[in-house]
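A.B. asks: Pasting a structure here, questions to come.
The values are calculated or read from the model by the stated rules, or taken from the named source; none is laboratory data. Computed from a predicted structure; not experimentally measured. Ideal geometry is used to build each Cβ from the backbone, glycine not excepted, and the neighbour counts take in all protein chains shown. SASA here: full protein model, heavy atoms, side chains in, ligands and nucleic acids out. Shrake-Rupley method; radii C 1.70, N 1.55, O 1.52, S 1.80 Å.
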Amino acid sequence: MIAASNLVAILGMALATLACRAGGYFLFRALRPSPFLRAMLGYVPGALFVGYVAPALAAGGAKEWVGAAATLITVRLSGNIAIGIAAGTVSAWLVWLAR
Amino acid sequence: MNAPTFTAAGLARGARRSLAVAAGLAPFGLVVGVLAAGKGLSLTETGLMSGLVFAGASQILALDLWTHPAPVLAVSFAAFAVNLRMALMGPALAPWLERLSGWRLWGNLFLLVDHGFALAIAEGRKGERDGGFLFGAGFALWCAWLACSLAGHLLGTTLHPPRGHPLFFAALAAFVSLLVPLWRGRQDALPWLAAAAVALPVAHFAPHGAWHVVAAALAGGLVGAFGERRRGAP
């Protein structure tokens, strides 16, 4: 079942999101970026994920800090992201249970 | 360099690599499904939203705002604000996308998502340039996303993990784990510090949307580029 207003809202969200996904790339291609802008884009991926993580950790408590540390260490040692996510989540869960 | 542009082998490689990250996406997808059920969206509508929008944080924010009839402008703007960061990902993937056209290009743009993006950047630094890798990673994540949000909707009435439940930590753990392959060495230290320093106040003063992510990406990029210019790197 699909309500008309829900459908329009979902399509609006989809269009806005596609505009972000495709718009940046086509704008970049049309503008022929300078070497400085190209250098900048090399640093964007890491900084973007730091931007996700830093406020979440700052707002979090022991659960988040222990979980994040366990994730980092496990991924670093195993080279496996799935194991890191699992280890981090289990550690966070243990801290949560212990409190 | 004459690397293949888009192969089935690359597609399979990308799908396999991204399934590891899908674990971090699962709780997020479940939350979207549970929220959608709570707001009275049908299973079809939930699947339609996850399939067409395919961007978790923006879906959660929009569902938070959802009323009946749906506030079309508000949720569309929420999607735009939260997903503006993707406008920075496309250009960063230009070395991959420039060699594609038609459905291969548009498919990759449509499937562009944080986790697949991070994997592609990390693998790209090791020489991977197969557009199929990007597509396979995005498509596997899209399938996982759809499955999890539908499962969340089905569980919506029975499953009620409280807001601070450690299960939700998996979403943050996914982003933390993606930092490891993105770290290139000492040259990243200052840009990452700048990104954190900018993200904290922005997140504090503009908690809605994902302006702190956009601000952090720009700050880190600027500090990195200025650093390269000062060092006289090419």
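A.B. asks: On the given criteria, is residue B:128 open to solvent by less than 50 Å² (accessible area, probe 1.4 Å) and assigned to a loop (DSSP other than H, G, I, E, B)?
C.D. replies: Values: open to solvent by less than 50 Å² (accessible area, probe 1.4 Å): yes; assigned to a loop (DSSP other than H, G, I, E, B): yes.
It is true that residue B:128 is open to solvent by less than 50 Å² (accessible area, probe 1.4 Å) and assigned to a loop (DSSP other than H, G, I, E, B).
A.B. asks: OK, next. From B:202, B:223, which residue is within 15 Å of residue A:55 (Cα to Cα), in a helix (DSSP H, G or I) and open to solvent by 20 Å² or more (accessible area, probe 1.4 Å)?
C.D. replies: B:202
A.B. asks: For residue B:144, all conditions in the list (1) over 16 Å from the mean Cα position of the chain (by Cα); (2) away from chain A (no Cβ under 11 Å); (3) open to solvent by less than 30 Å² (accessible area, probe 1.4 Å) hold save one; what is the number of the exception?
C.D. replies: (1)
A.B. asks: Does residue B:42 satisfy the criteria of being within 9 Å of chain A (Cβ to nearest Cβ), among the hydroxyl-bearing types (Ser, Thr, Tyr) and surrounded by fewer than 24 Cβ atoms within 10 Å (Cβ to Cβ)?
C.D. replies: yes
A.B. asks: Return yes or no: is residue B:116 assigned to a helix (DSSP H, G or I), modelled with pLDDT of 95 or more and out of contact with any His (no Cβ under 8 Å at 6 or more places or on another chain)?
C.D. replies: Working: assigned to a helix (DSSP H, G or I): yes; modelled with pLDDT of 95 or more: no; out of contact with any His (no Cβ under 8 Å at 6 or more places or on another chain): yes.
So residue B:116 fails the test.
A.B. asks: Here is a further query. Considering each of B:74, B:55 in turn, give the residue that is small (Gly, Ala, Ser) and facing chain A (nearest Cβ under 7 Å).
C.D. replies: B:55
A.B. asks: Please identify the pairs in which a residue from the stretch B:8-35 that is within 14 Å of another protein chain (Cβ to nearest Cβ) and without any contact (Cβ under 8 Å) to a residue 24 or more places away in the chain has its Cβ atom under 6 Å from the Cβ atom of a residue that is crowded, with 24+ Cβ neighbours inside 10 Å and in a helix (DSSP H, G or I), counting only partners at least 6 apart or on another chain.
C.D. replies: Here the result reads B:20/A:81, each pair linking the stretch B:8-35 to a residue that is crowded, with 24+ Cβ neighbours inside 10 Å and in a helix (DSSP H, G or I).
A.B. asks: Those residues that are out of contact with any Lys or Arg (no Cβ under 6 Å at 6 or more places or on another chain) and assigned to a loop (DSSP other than H, G, I, E, B), I need them from the stretch B:43-88; list them, please.
C.D. replies: First pass over the stretch B:43-88, keeping only residues out of contact with any Lys or Arg (no Cβ under 6 Å at 6 or more places or on another chain): B:43-62, B:64-65, B:67-85, B:87-88.
Once the filter is applied, which keeps residues that are out of contact with any Lys or Arg (no Cβ under 6 Å at 6 or more places or on another chain) and assigned to a loop (DSSP other than H, G, I, E, B), the stretch B:43-88 yields B:53, B:54, B:55, B:67, B:68, B:69, B:70, B:71, B:84, B:85.
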